[in-house]
Structures are given as C-alpha cells and as structure tokens.
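Colleague: This is the structure, below, for whatever I ask next.
The values are calculated or read from the model by the stated rules, or taken from the named source; none is laboratory data. Keep in mind that this is a model prediction, so the values were computed, not measured. Note that each Cβ is placed from the backbone with ideal geometry, even for glycine, and that neighbours are counted across all protein chains shown.
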Amino acid sequence: MKKLNLLIFLLLPLFCLAQSTLKGKVASETKSLEWAEISILNKEGKIIDGTTAKEDGSFEINLKNGSYKIEISLLGFADYEKEISLETNTDLGTIILKENETKLVEVVVQSKKKTIEQKTDRLVYNLENNVTTTGGDALSAINTAPGVVVKNDVITILGKGTSRVMIDGRLIELTGEELNNFLKSISAADIKNIEVISNPPAKYEADGTGGLINIIMKKGVRDSWKNSTTVSYDQNKYGIYTLRDNFFYSKNKFRFSASVNGKTGYKNSKENLDMYFPDGLSTMYADTKVKNENFSGKLAADYDFSERTTIGFQFMNDRNNPDFGSDIRIEKYNTQNELQQVTLNKSFTDKGSKNQTYNAHLITKFDSKKKLSFDVDYFNYNSTFDRDFIANNFNPDMEFIDINQSGRNISNQDINNWSFKADMEHPFETFNLSYGAKVSFTNSISDVVFYNTITGTPELDPSQSNQFKYTENNQAFYINGDKKINEKWNLQVGLRLENTQTNGFSETMNQESVNDYLKLFPTFYASYKKNENNTFSLNYGKRINRPRFDLLNPFRVYINSNSYSEGNPFLKPSFSDNFEFAHSYKEILRTSVFVNLVSNGYGVLFTSNPETNTQIVTRENYFKNINYGVGETYSATFTDWWQSENTLYFLGAQTEFIKDINATPSNSLQIDFTTNNTFILGKSTKLQIDFNYSSPFKSGLYEIGYASSFDIGFKQDLLNKTLQIAFLANDIFNTSYLKDFTSVVNGVKQVYSQNESNRFVRLSVIYNFGNKKINVKERAFGNQDEKKRTGN
C-alpha cells in the first residue's frame with residue numbers, strides 16, 4: 001500500500017502540474033449562443049484542444065499554463081480571435097459575437113470556408129464550395145483538387161507521379177482500378193476536405209512517388225445525431241442509379257457512424273488501337289458495355305474512457321461486380337492499304353472483387369499536448385476474372401474463313417495485410433517532437449488458368465496457366481521534429497527508416513524472385529514569413545514506388561486474340577527525390593517550382609511482335625528521368641457572388657532509358673489549365689462552371705493527345721438546407737478521354753484511344769435530417785477537429 005501511495009505521489013505532478021482552467025460565455029447582442037466552436041491554438045497555429053459552447057453559451061477547458069490563441073466561430077457570425085496568456089484560472093467573461101451583415105449574398109460569402117488553404121507541408125482543399133461534387137463520389141472529388149489528375153485508373157499529382165490515397169490518415173492498400181472502384185463507393189458529401197501532400201512528412205509511408213492524397217471524412221457535432229440520404233441518376237449512353245445513406249450519432253462519451261452505398265447500371269467504353277506493322281496496318285475497335293454494380297458499407301465507433309483516453313473501431317466493406325461484354329473488330333491491311341482480313345472477337349467477362357478493412361485504435365493524452373496512439377489494421381482483397389471469348393476470321397467480303405482463337409481465361413487473386421502502428425507526439429518547450437513505428441505483413445496468392453476451346457472441348461493449356469505467391473514484410477521507424485525559430489522562420493526535419501523483404505514464387509514456372517532492402521527516407525521543410533502578405537517555403541523528400549502485387553505475377557491474360565498482358569516477377573521499386581520551392585501572396589496567389597528525380601523507374605511497355613502481328617503489354621524497370629515544372633494557383637473573389645479558383649501548370653521532363661527496349665525517348669512541354677467558378681445566385685442557389693485543358697505532350701516513351709472538359713453544375717437548397725437538388729452536366733463536349741496515346745517500340749508504332757463515358761448528366765437529391773439537442777448528463781470534452789484521427 002505504501003508503494004502504491006508513493007507511486008501516486010510521484011505520478012500526480014505529471015497530470016496536474018501547472019494546469020489552469022479557461023472559461024467564458026459566448027453570446028450575441030441579444031442571446032446566449034449554443035454550439036459555438038471554441039478552438040485553442042498553440043504558438044505554431046496548430047489546434048491542440050477545444051470544445052463547443054453549452055446551451056447557456058458557457059464553456060470550460062483545462063490547459064497547461066502558457067501562451068495560446070483562442071478562436072470562436074459560429075455560422076452566421078464573424079469569427080472571434082484573441083491571444084491569451086494563461087498563468088492561473090481565467091474567466092474571459094461574456095464574449096459577444098457580431099452577426100454578419102444582413103445583406104443576403106454577403107452572409108453566404110462570409111460564412112464559408114476558404115476553398116484552398118496552404119499549410120507548411122500540404123495543401124488543404126475544402127469541398128464545401130464545389131457544386132459539381134454534389135451527388136458524386138470520392139474519386140470525382142479528388143479529380144477536382146488543385147494539381148491532381150485522375151486518368152487511366154491512375155491518381156497523380158501533376159509533374160510528380162502516381163499518388164497513394166489515405167482515409168483519415170490510414171493508407172488504403174489498393175492501387176489502380178481496384179482503388180478507383182473503392183473510392184467510387186464513398187460519397188463526396190461525407191468528405192470534409194482533401195489534403196494534397198506532395199512531399200509527405202516522415203510519419204507517413206514513403207510509398208508513392210507522387211506523394212499522398214489524404215481524404216478527411218466529416219465528423220458529426222457532439223451530442224447530436226444526423227442522417228443524410230442521397231439518390232442520384234447518371235445518364236451516359238446507358239444509365240446508372242446510386243443510393244447512399246450516412247448516419248451519425250453522438251451522446252456523452254460515445255460516437256457511432258454507419259454508411260451504406262449501392263450503385264447499379266451500365267456505362268459504355270470505346271477503344272481504338274492502330275498498330276503499324278512492317279507488312280501493313282492492323283486496326284482494332286472495341287465497343288464494351290460495362291456493368292456498374294457496387295455495394296459498400298462502413299461502421300465506426302469511438303468511446304471516451306476518460307478525458308485522456310479514447311478507443312475506437314472501424315469496419316469498411318466494398319463489393320464490385322463489373323461484368324462486361326465486348327465486341328472487337330480487328331482489320332488487317334497490306335502495305336498498299338488494302339483490306340486483307342477481318343477478325344471479329346466476341347467475349348464476355350464475369351468479373352468481381354471484394355475487400356474489407358478492419359481498424360482498432362487507442363488514443364491517450366498524457367497532458368494537453370502529449371499524445372500516444374496505437375493502431376491495428378487488417379485488410380483483405382479478393383478478385384475473380386473469368387473471360388470466355390471466340391475470334392473468327394473473315395475475308396474482306398465478310399465470308400467466314402476459320403476460327404482465329406477460342407479460349408477461356410480464369411484468374412483469382414487474394415491479398416491479406418496485417419499492420420501494427422504506434423505514434424507519439426511529444427512537444428517540448430523549444431520544439432515539437434514526434435516518433436513512431438509500424439510493421440506490416442502482406443501475403444498475396446494469384447492463379448491463372450487458360451483453357452483452349454477452339455475444338456469445342458475445353459483443354460487446359462499449362463503454358464498459359466500459372467500460380468504465383470508473393471509475400472512482403474515491412475518494418476518502419478520514423479522521427480520528426482519541428483521548431484518555430486521566431487515569428488518569421490519555421491523548420492521541420494524528419495527521417496524514416498524502412499526495411500523491406502519480398503518473395504515472389506511462380507509454382508508453375510518454378511521461378512523465385514527475392515528482394516531485401518533497407519532504405520532511409522529523409523524529409524525537410526523550411527518556411528519564411530517575410531510579412532503579412534508573403535510567405536516562402538522550401539521542402540525536400542525521398543520516396544519509393546513499389547510495384548502493385550498483380551504486376552509481379554508472370555501470368556498472361558488475353559485482351560483479344562492478338563493482344564495480351566503479362567506481369568513481371570522481377571520488377572523492382574523505383575525511387576524519387578522531390579524538391580519544391582513555393583511562394584504564397586496573401587493566400588490568393590500561390591507559386592510552386594518543383595523538380596522530381598526518378599531512378600530505376602518502371603512502367604507499362606506496349607511492345608509488339610512484328611512476326612506474329614501481336615501486341616504485348618508488359619512491365620519493366622526501363623527508365624530514369626527528371627520531371628520539373630512551375631505551378632500557379634490563383635484564388636479570386638471578383639464580386640460578392642462570383643468566386644474563382646484557377647490553376648496553371650507548365651511541366652517538362654528529361655528521360656533516359658536504362659534498358660534496351662529498342663525505342664528512343666522524347667519529351668516536350670505540357671500545359672495544364674483549370675478554372676472552377678462558383679456563382680451565388682441567392683441564399684440557396686449556386687451555379688458552377690468548370691473548364692480544364694491539358695495540352696498534347698511527349699513523355700519518355702509515350703506521346704499523349706490533348707484532353708479537356710467543360711462542366712456545368714447547379715445546386716438548390718430547400719427547406720432550410722434539409723433538402724438539396726443538384727444537377728451536373730459533365731464533359732459536355734466529350735473531350736476528356738484518353739486520345740492518341742502513341743509509342744514506338746521494335747519499330748512498330750501504336751496509337752491508342754479510350755473513351756469511358758466521361759460525358760454524362762447527373763440528377764441528385766439529398767435529404768438531411770437529425771437532432772442537434774440530445775439531452776446529455778454532461779458535456780463531452782474536446783473540439784471535434786482535435787478528435788479526428790489523421791494517421792495517429
């Protein structure tokens with residue numbers, strides 16, 4: 001008992017030393033104001049604590065003695081800010097918030113958030129003002145973020161490469177088409193903002209040459225419940241129906257949320273491929289009807305054991321069934337451009353995928369600043385692919401000659417990933433320190449079976465069948481420190497150590513590929529605030545880009561009778577060094593100059609075999625390059641009713657092939673311009689007109705044609721914003737698709753175009769209801785923004 005008393009005596013000062021209570025009351029000139037948000041910021045401007053005002057407008061926060069800034073905000077009122085020095089219990093008395101001017105348009109403008117906010121190590125994009133994302137999904141929302149482009153199932157930050165995606169700081173273990181399908185299952189209405197982190201700090205995974213896109217989900221107000229239901233219909237050549245529902249409940253120390261998303265319908269995909277072989281032109285045209293069927297759900301719960309400790313659980317499930325049937329026509333010409341043969345390839349693909357993610361986390365605070373968190377994550381992904389096709393040859397008069405090829409391609413893939421992570425935020429008087437560790441274990445099994453059905457009886461072809469097993473284990477540790485040197489200078493330095501072991505084994509080919517590498521990934525940030533109008537920053541970070549699991553499988557999947565795709569078990573990661581210098585003027589004009597050096601780069605090779613007139617899609621580590629560019633972002637409020645966000649990028653590259661692929665690199669300047677314009681037509685009505693243009697350009701092995709999009713969105717709020725009706729006309733002129741994707745390998749020129757129903761109209765209806773006044777025994781502590789997890 002004496003030992004216990006001694007332990008309590010020794011630990012008690014850690015929890016109560018130099019603590020004081022800050023309290024006050026928020027009111028207008030006529031009444032107390034409930035639900036006002038009170039935020040406490042440290043010297044660096046970071047929110048460290050907060051709460052919401054009670055029914056009588058009062059609030060109370062316990063803080064360590066020191067200097068802070070208090071910010072108070074409430075919709076319809078001007079924000080309140082004040083510097084405070086806390087040395088003892090302090091009562092701020094009654095704080096009067098001034099109402100925004102009653103002029104209708106001005107109220108709307110003053111109460112909304114900035115669309116783009118520049119932080120030290122990231123750009124924050126708020127969706128609140130974007131009309132075109134209403135009724136849409138997370139993928140379309142990401143595509144509207146400044147400097148971010150979604151094209152051909154790849155999410156990139158302009159000039160920097162492929163980006164990985166996180167949700168609330170947790171990395172999604174999906175890439176490519178699978179990632180896009182998952183993001184399509186998330187409603188844009190549930191997203192608070194999107195963080196574009198081109199040079200991520202050391203606490204985040206080093207994977208992804210193009211940095212990270214962090215999706216921050218909305219959190220409900222404490223001691224309330226709400227429900228949002230969205231119904232939308234997209235019309236392209238076919239139609240797609242979407243139903244989404246999101247529910248949130250909070251009372252005292254418990255918070256719970258659930259969402260369900262369902263989508264069904266079809267879209268049309270058109271592809272063109274011209275291959276210029278030595279003995280003549282071969283053209284392919286494909287018309288595909290793609291089934292768009294998805295069902296997903298999410299459950300999350302958090303419980304506050306005390307004012308210092310919170311535990312939580314999250315589960316996400318997503319299922320897709322994108323079956324599709326294709327009609328492919330291949331025409332073969334001789335050197336005199338005379339039609340020699342026609343091949344008609346008809347196929348049906350039964351495709352499906354499902355993934356589920358589990359997360360358990362614990363967050364505990366040792367004081368108002370020090371915080372420790374633990375995360376345990378499990379991820380499972382399973383996909384199936386069953387394609388049945390037959391290709392018939394005809395002469396130019398369409399008289400049947402013979403069967404070119406007939407077969408059935410079946411493949412399955414199963415991926416499991418466990419990860420364990422611990423993070424510590426440990427501020428000191430002179431600087432802020434954070435450190436942590438993560439271990440992850442990945443197992444992937446994929447198999448491919450090919451049956452030749454040309455005789456009418458399926459016959460297994462062992463040469464085109466394979467089973468592939470892949471394991472990847474990663475251990476990481478990081479340390480990060482940031483310091484405010486004075487009122488003008490801020491520095492942040494980080495170092496991440498990652499140790500990775502991989503093993504890929506093809507049972508059919510008896511082929512094994514093993515990698516074991518230990519790498520350091522440093523990061524550095526410096527910012528200088530010259531005056532109130534001008535801020536400069538410089539940052540550097542090293543990144544790694546690991547190949548997707550499916551790209552490592554040496555299986556062969558036939559796209560059509562004379563075109564197939566295969567993986568490469570010997571693919572190795574590429575690395576990049578990223579430098580960026582930026583200037584911000586009044587947070588209106590932002591300029592960035594960046595250089596991105598990629599070594600051991602890998603990518604898709606559209607090679608060909610001139611002897612058999614066959615196209616081969618494979619992957620190789622074949623280049624190194626230097627990407628560079630200048631980006632301008634301009635935020636303007638031309639009038640009270642017209643707000644405009646504009647970006648202009650000039651991009652260039654210098655590429656060198658490090659492997660003999662019988663091709664010559666070429667590069668050219670690329671220009672990318674985007675303008676998003678929101679027009680406030682009244683208190684409840686918004687119109688948005690967006691335009692994007694990307695010029696034709698050459699990049700290493702490839703030449704790519706121009707792309708542009710002209711979109712118009714309209715949103716009407718009804719019944720005090722409980723009901724919203726939105727309309728979107730996307731890509732009105734049908735010009736945003738991939739066109740003239742050209743490469744020359746082995747002396748064979750290939751030109752490819754693909755249009756996946758980017759032109760469509762959408763009608764959405766959103767209904768919101770809930771209760772903001774749940775009776776509670778006591779007010780829970782904390783500001784909701786402080787409660788959200790961003791990777792801790």
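Colleague: Just to check your reading of the model, which residue among Asn292, Asn317 is surrounded by fewer than 19 Cβ atoms within 10 Å (Cβ to Cβ) and either touching a helix residue (DSSP H, G or I) at 6+ places or on another chain (Cβ under 9 Å) or under 29 Å from Glu178 (Cα atoms) (or both)?
Modeller: Exactly one residue qualifies, and that residue is Asn317.
Colleague: Every residue in region 746-768 that is surrounded by 17 or more Cβ atoms within 10 Å (Cβ to Cβ), in a strand (DSSP E or B) and not hydroxyl-bearing (Ser, Thr, Tyr), please.
Modeller: Selection gives Val748, Gln750, Val751, Asn755, Phe760, Arg762, Ile766, Asn768.
Colleague: When residues of region 144-178 are filtered for being assigned to a helix (DSSP H, G or I) and surrounded by fewer than 20 Cβ atoms within 10 Å (Cβ to Cβ), how many remain?
Modeller: Final tally of qualifying residues: 2.
Colleague: Name, by its number, the condition in (1) under 24 Å from the mean Cα position of the chain (by Cα); (2) crowded, with 17+ Cβ neighbours inside 10 Å; (3) within 24 Å of Asp137 (Cβ to Cβ) that does not hold for Ser708.
Modeller: Answer for Ser708: the failing condition is (2).
Colleague: Looking at region 644-661 only, could you name the residues that are part of a strand (DSSP E or B), more than 14 Å from Lys160 (Cα to Cα) and of a type in the set (A, V, I, L, M)?
Modeller: Leu648
Colleague: In this structure, is Gly325 in contact with a His (Cβ under 6 Å, 6 or more places away or on another chain) and modelled with pLDDT of 90 or more?
Modeller: No.
Colleague: Run Val124 past the list (1) modelled with pLDDT of 75 or more; (2) more than 30 Å from Ile197 (Cβ to Cβ) and report the number of the one that doesn't hold.
Modeller: (2)
Colleague: If I filter region 540-553 for residues that are assigned by TED's automatic domain parsing to the domain that holds Phe468, over 24 Å from the mean Cα position of the chain (by Cα) and assigned to a loop (DSSP other than H, G, I, E, B), do I get at least one hit?
Modeller: yes
Colleague: Another question, then. Which condition does Ser198 not pass, out of (1) within 30 Å of Gly652 (Cα to Cα); (2) touching a Leu at 6+ places or on another chain (Cβ under 7 Å); (3) buried (at least 23 other Cβ atoms within 10 Å of the Cβ), if it passes all the others?
Modeller: The single condition Ser198 does not satisfy is (2).
Colleague: Here's another thing I want to ask about it. Would you confirm whether any residue within region 196-204 is without any contact (Cβ under 8 Å) to a residue 60 or more places away in the chain, of a type outside the set (Ser, Thr, Tyr) and assigned to a loop (DSSP other than H, G, I, E, B)?
Modeller: No; the residues of region 196-204 include none that is without any contact (Cβ under 8 Å) to a residue 60 or more places away in the chain, of a type outside the set (Ser, Thr, Tyr) and assigned to a loop (DSSP other than H, G, I, E, B).
Colleague: I've got another one for you. Of all residues in region 485-507, count the ones that are buried (at least 18 other Cβ atoms within 10 Å of the Cβ) and either among the polar types (S, T, N, Q) or at pLDDT below 90 (or both).
Modeller: Number satisfying all stated conditions: 6.
Colleague: Still on this structure, I have one more. Here's a check for you: in region 326-380, which residue that is among the aromatic types (Phe, Trp, Tyr) and closer than 30 Å to Phe295 by Cβ is surrounded by the fewest Cβ atoms within 10 Å (Cβ to Cβ)?
Modeller: Looking at residues that are among the aromatic types (Phe, Trp, Tyr) and closer than 30 Å to Phe295 by Cβ, I get Phe348.
Colleague: Shifting gears a bit: With respect to Leu433, determine if the residue is under 24 Å from Phe477 (Cα atoms), in contact (Cβ under 8 Å) with a residue 24 or more places away in the chain and over 24 Å from the mean Cα position of the chain (by Cα).
Modeller: For Leu433, the condition - under 24 Å from Phe477 (Cα atoms), in contact (Cβ under 8 Å) with a residue 24 or more places away in the chain and over 24 Å from the mean Cα position of the chain (by Cα) - is met.
Colleague: Pairs needed: first member in region 662-688, touching a residue at least 12 places away in the same chain (Cβ under 8 Å); second member anywhere, surrounded by fewer than 18 Cβ atoms within 10 Å (Cβ to Cβ) and basic (Lys, Arg); C-beta distance under 6 Å; at least 6 residues apart or different chains.
Modeller: If the second residue must be surrounded by fewer than 18 Cβ atoms within 10 Å (Cβ to Cβ) and basic (Lys, Arg), the pairs left are Ser666/Lys698; Asn667/Lys698; Ser668/Lys698.
Colleague: Would you check which residues across region 452-471 are in contact (Cβ under 8 Å) with a residue 24 or more places away in the chain and either in a helix (DSSP H, G or I) or aliphatic (A, V, I, L, M) (or both) and list them?
Modeller: Listed by number, the residues that qualify are Ile454, Pro462, Gln464.
Colleague: Among the residues in region 457-478, are any modelled with pLDDT of 90 or more and of a type in the set (Val, Ile, Thr)?
Modeller: yes
Colleague: What are the residues in region 590-617 that are surrounded by fewer than 17 Cβ atoms within 10 Å (Cβ to Cβ), of a type in the set (S, T, N, Q) and at pLDDT below 90, if any?
Modeller: Asn609, Thr612, Thr614 - these are the residues of region 590-617 that are surrounded by fewer than 17 Cβ atoms within 10 Å (Cβ to Cβ), of a type in the set (S, T, N, Q) and at pLDDT below 90.
Colleague: So in region 666-688, with the set limited to residues that are surrounded by fewer than 18 Cβ atoms within 10 Å (Cβ to Cβ) and of a type in the set (Val, Ile, Thr), which one is farthest from Ser753 (Cα to Cα)?
Modeller: Per the stated criteria, the residue is Thr685.
Colleague: Of everything in region 2-46 that's among the polar types (S, T, N, Q), surrounded by 15 or more Cβ atoms within 10 Å (Cβ to Cβ) and closer than 16 Å to Leu86 by Cα, which residue is modelled with the highest pLDDT?
Modeller: The residue in question is Ser39.
Colleague: Ok, one more. Kindly indicate which of Thr612, Thr607, Thr618, Thr591 is assigned to a loop (DSSP other than H, G, I, E, B) and either of a type in the set (S, T, N, Q) or touching a residue at least 40 places away in the same chain (Cβ under 8 Å) (or both).
Modeller: None of the other options fit; the residue is Thr612.
Colleague: Can you find a residue in region 93-114 that is loosely packed, with under 13 Cβ neighbours inside 10 Å, at pLDDT 85 or above and under 37 Å from the mean Cα position of the chain (by Cα)?
Modeller: Taking every residue of region 93-114 in turn, none turns out to be loosely packed, with under 13 Cβ neighbours inside 10 Å, at pLDDT 85 or above and under 37 Å from the mean Cα position of the chain (by Cα).
Colleague: Return yes when Asn337 is touching a residue at least 40 places away in the same chain (Cβ under 8 Å) and touching a helix residue (DSSP H, G or I) at 6+ places or on another chain (Cβ under 6 Å) and no when it is not.
Modeller: Spelling it out, it is not the case that Asn337 is touching a residue at least 40 places away in the same chain (Cβ under 8 Å) and touching a helix residue (DSSP H, G or I) at 6+ places or on another chain (Cβ under 6 Å).
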